[in-house]
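Everything below concerns the one structure shown next.
The values are calculated or read from the model by the stated rules, or taken from the named source; none is laboratory data. None of the values given here were measured: they were computed from a predicted structure. Please note: Cβ atoms are built from the backbone with ideal geometry, for glycine as well, and neighbour counts cover all protein chains shown.
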Amino acid sequence: MPMATLTSKGQITVPVSVRAALGLNTGARVDFVAEGDGFKVVPVRNKVSSLKGRFAHRAARPVSLAAMDRAIGQAAAKRHGGLS
């Protein structure tokens, strides 16, 4: 398993095998996402074009904005103990 050492400045060198697996190059940005008792390192993809086709054919039919608003409201109410 690849490992890295934290410097006194809070920096690490990402091992080459991890950089290759994540597709990271010089200047790449990563996000640290809390997961359980640790963090997941996720490459930040700035280009919208990287999303092209990612969600194609996932929905059987288009969803209206009103339906999206209802679903978001219900999820928020459920998460915060309100009525859905």
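Within segment 1-28, restricting attention to residues that are under 21 Å from the mean Cα position of the chain (by Cα) and on the phi > 0 side of the Ramachandran plot, the residue that is surrounded by the most Cβ atoms within 10 Å (Cβ to Cβ) is GLY23. Among the numbered conditions (1) among the small types (Gly, Ala, Ser); (2) at pLDDT below 90; (3) surrounded by 10 or more Cβ atoms within 10 Å (Cβ to Cβ), the only one that ALA71 does not meet is (2). For segment 44-54, state whether one or more residues are loosely packed, with under 10 Cβ neighbours inside 10 Å and touching a residue at least 12 places away in the same chain (Cβ under 8 Å). Yes, the conditions are met somewhere in segment 44-54.
Out of the residues in segment 29-53 that are among the basic types (Lys, Arg), under 21 Å from ARG19 (Cα atoms) and not in a strand (DSSP E or B), which is farthest from the chain's Cα centre (by Cα)? The qualifying residue farthest from the chain's Cα centre (by Cα) is LYS47.
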